[in-house]
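Asks: Let me begin by handing over the structure; questions about it come next.
The values are calculated or read from the model by the stated rules, or taken from the named source; none is laboratory data. This structure is a prediction, so every number in the text was calculated from the model and none was measured. Positions of Cβ are generated from backbone atoms using ideal geometry, with glycine treated the same way; all protein chains shown enter the neighbour counts. Note: areas computed on protein heavy atoms with side chains; ligands, DNA, RNA excluded. Shrake-Rupley method; radii C 1.70, N 1.55, O 1.52, S 1.80 Å.
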Amino acid sequence: FLSGRNFSPFPLTQQVALDSKLQTTAIYHSSTPTQSIKTQKMSNDNGSVQLPVGGAAEVDEKLYSRQLYVMGHEAQRRMMSSRAVILGVSGLGVEIAKNIILAGISSVTLCDPCPPTSFDLGGNFYLSEGDLTTENDNDTNGGSKKGRAELCREKLAGLNEYVKVDVASNVSSLKEEEPLLHLVDGASCVVITVPLPHSLLCAINDKCRAANACFIYTLTTGVFGQVFCDFGPSFVVSDKDGENPA
């Protein structure tokens, strides 16, 4: 399934949803000593440190008390050592950014130079009508409109003081392959939340594989959605069936 890279949501929606649930669990639920050593060795062999295991970062138990009951300290430390890149800050993109920032990831890079439209106001809760008019108009010096990532960055950064939130300033279009591929360097996970050409998706997926970074492509279209996950040739799933513990 993964090697075929069928990014279409139909007719594989149910299977993709199940795979994504199990594979998302695999990112943060590797806690035994043998699993930790294996994951760390994979990162070192590829010349980069992705999702480092057993980091020295202290977990703020008061801030993260509720999720510690679910994930545990080891998974929380791994999250606090991870960097995510989010391509597309529409309604879905900003929701994902909000959730991982509140969860305590180390840093998030937002990439979306597209100026907002009226359609964004129905899904992106950090955009307002003012972002569509005078505050976001071209200035007299020939400057361009602010993109969705830049407009949302400050509010997202205010959610958690421990998380660094920045904007990919060297990307002028989400269809330019080379600048997008550069964003993969140093990332633990790349999440794409807007439609992109199939060839570009495959190129980013290949770069993620080479960089030992997780690749997630997800879209929402009304009441329907899709998600495609590629976490590389080897990862550990400790959740046996995806069901809540009894």
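Asks: Just the number please: accessible area per residue for segment 143-194, 1.4 Å probe, all protein chains included, in Å².
Replies: 52 Å²
Asks: Okay, next question. Could you tell me what percent of the accessible area of segment 67-118 is made up of carbon and sulfur, with a 1.4 Å probe and every protein chain present?
Replies: It is 60 percent, rounded to a whole number.
Asks: Lys pairs in segment 95-246, Cα-Cα under 16 Å, at least 8 apart or on separate chains: how many?
Replies: 5
Asks: Further question: Over the Cα atoms, compute the radius of gyration (one decimal) and Dmax (the largest Cα-Cα distance, rounded to a whole number) for segment 158-246, in Å.
Replies: 15.5, 49
Asks: I would also like to ask the following. Compute the length gained on full extension between Glu154 and Ser169: take 0.36 nm times their separation in residues and subtract their Cα-Cα distance, giving the result in nm to one decimal.
Replies: Between Glu154 and Ser169, full extension yields an extra 3.9 nm.
Asks: Return the long-range amide H neighbours of Ile192 (sequence gap of 5 or more, or a different chain), with a cut-off of under 5 Å between placed amide H atoms.
Replies: Residues meeting the criterion, in which the H sits 1.01 Å from N, are Leu87, Ile216, Tyr217, Thr218.
Asks: Taking K and R as +1 and D and E as -1, what net charge do the other residues with C-beta under 9 Å from the C-beta of Arg148 add up to?
Replies: Here the charged neighbours net out to -3.
Asks: Separate question: On the protein heavy atoms, probe 1.4 angstrom, tell me the percent of accessible surface of segment 161-246 carried by carbon and sulfur.
Replies: That share works out to 54 percent.
Asks: How big is the C-alpha Rg of segment 64-188 next to the rule-of-thumb value 2.2 N^0.38 Å, as a ratio?
Replies: 1.14
Asks: While we're on this one: Computed on alpha carbon atoms, what radius of gyration and Dmax characterise segment 60-130, expressed in Å?
Replies: Spelled out, the Cα radius of gyration and Dmax of segment 60-130 are 14.7, 43 Å.
Asks: Looking at segment 59-133, which trypsin sites (Lys or Arg not before Pro) are DSSP coil and have at most 12 other C-beta atoms within 10 Å of their C-beta?
Replies: In loop regions of segment 59-133 (DSSP not H, G, I, E or B), the sparsely surrounded trypsin sites (Lys or Arg not before Pro) are Lys62.
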